[in-house]
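Asks: Below you will find the structure I want to go over with you.
Bear in mind these aren't lab numbers, they're just calculated from the coordinates by the rules spelled out. Every value quoted in this text rests on a predicted model; they were computed, and no experiment measured them. Positions of Cβ are generated from backbone atoms using ideal geometry, with glycine treated the same way; all protein chains shown enter the neighbour counts.
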Amino acid sequence: MAELWKLHGDGKTVASDEIVLPEERLTWPRTIGFGMQHVVAMFGATFLVPIITGFPPATTLFFSGIGTLLFLVITWNKLPSYLGSSFAFLAPIGAAVTAGGPGTALAGIIITGAILALIGLLVNFVGTRWIDVLMPPIVSGSIVALIGFNLAPAARDNFAKSPLIAVITLLAIVLAAVVFKGFLGRLSIVLGVIVGYIASAIAGEVDFSAVGDAAWVGFPTFTAPEFSAANIGVYAMFLPVVLALIAENVGHIKGVGNLIDRDLDHVTGRALFADGAATVLAGIGGGSPTTTYGENIGVMAATRVFSTAAYWVAGITAILLGLSPKIGAIIFTIPPGVIGGVTTALYGLIGIIGVRIWVENKVDFSKPVNQLTAGIALIMGIANFTVTFGDLSFQGIILGTVAAIVVYHLMSAIARVRGTEKQRLS
């Protein structure tokens, strides 16, 4: 694939005022090194999703790698991105597994991915303006925030199973984020898991029995989805995730575009389609759903290397890791206390990403429309409101999402009619 990228300078160095563009690369040994960095950056968060949901970690890594390569092909190698496990799916996956098992959850994942792919096709033809109209920053930020905060009870439950280990893990994450700079600072979640795992092993809370029986090389465990008309209400719980995935992908595109000083909006449709297709593929085989990863944007910002060649290396590496059942077995030995500490930080960070959307877009919270849009949506998500119609049940995330969209557009429409768009609370 060497002909796909031109060599940047001498291929060995990057001047302080330069960056390695997506269509460029350094020498292959250096490119492979940068690709391995991306694997490390995505690894901590990517394997947490299967640990939390009970999906096979090796399968998730396998489809994560395949999804990344698919994304690069569909986006014409113009958008550097790693597709890791999406945390936006955690709540509906948990509900679906409880209602009908892993197969039901995988069906919901496939439906979500297919809808996202169709939206990608639509965007490719009509542009992104309608996304901005449907989901202005106050709405998109509220949706992302309530998805993170809705997961708080799950973090609490794991935390309670081993409070000491959870505290050690959480403290390690906090200290790593403060003590270390640059790349290591961005790996605070991974470092927290390592410290918590060591503490758990010393305390005798790690069960290694399954590791010895696992083969070093072999295909991951594949699980088939199970579709049923009786689970329509369960599938509906996945729909708000589509909006979160749109926000994540659009944010990723704009973030990378700012870093390399390019307008990448023209690949938005392809990116959405690629993420949707990768999620469908993962759902068909039993892997975790995918999304673009902010961790890897951090690596690019720190190294100034945006070469898609490094992402091909990362994707191939993830596939190879997925072909080792022993690695999956090792990942599965991570005890609940460590997961409790990590998810306490991680779910909070997901919620804060929504707040960050508000801050970066200078959302004016002196306006009643913004106050009520965010306030109602967050309460519904955090308290996990539930509404039941016959056999159909809708919970916090979907209700909060619908509330954010309806409240904002209803209040905005009335304000326009009355000429009070600029009304503020005194």
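Asks: Classify region 270-353 from the C-alpha gyration tensor, please: rounded if a/c falls under 1.5, else prolate or oblate depending on whether a/b exceeds b/c.
Replies: It comes out rounded by the Cα gyration axes.
Asks: Now, a different point. Relative to the Cα centre, what is the charge dipole magnitude of region 22-418, using +1 at the beta carbon of each Lys and Arg, -1 at the beta carbon of each Asp and Glu, and rounding to the nearest 20 debye?
Replies: So the dipole magnitude of region 22-418 works out to roughly 700 debye.
Asks: By a straight-distance test (C-alpha under 27 Å), which lysines pair with Lys181 as possible cross-link partners, with residues fewer than eight away in the same chain excluded?
Replies: Lys12, Lys254
Asks: Using amide H atoms built 1.01 Å from N in the peptide plane, name the residues 5+ places from Tyr293, or on other chains, whose amide H lies under 5 Å from its own.
Replies: Sorted by chain and number, the residues that satisfy this are Tyr82, Gly84.
Asks: Would you please classify the overall shape of region 196-309 from the alpha carbon gyration tensor, given that a ≥ b ≥ c denote the square roots of the eigenvalues, rounded means a/c under 1.5, and beyond that prolate means a/b larger than b/c while oblate covers the rest?
Replies: Oblate, because a/c is 1.5 or more while a/b does not exceed b/c.
Asks: Among 413-419, 101-107, what's the highest-first ranking by average C-beta atoms within 10 angstrom per residue?
Replies: Most protected by this proxy first, the peptides run 101-107, 413-419.
Asks: Can you classify region 22-418 as rounded, prolate or oblate using the Cα gyration tensor, where a ≥ b ≥ c are the square roots of its eigenvalues, rounded means a/c under 1.5, and otherwise it's prolate if a/b beats b/c and oblate if not?
Replies: Here region 22-418 falls in the rounded category.
Asks: For the chain, what does -39500 (n - 2.57) per DSSP helix run (n ≥ 4), summed and divided by total residues, give at 222 nm, in deg cm²/dmol to the nearest 500?
Replies: -22500 deg cm²/dmol
Asks: Reachable lysines from Lys161, Cα under 29 Å, same-chain residues fewer than 8 places away excluded?
Replies: In chain and number order, the partners are Lys326.
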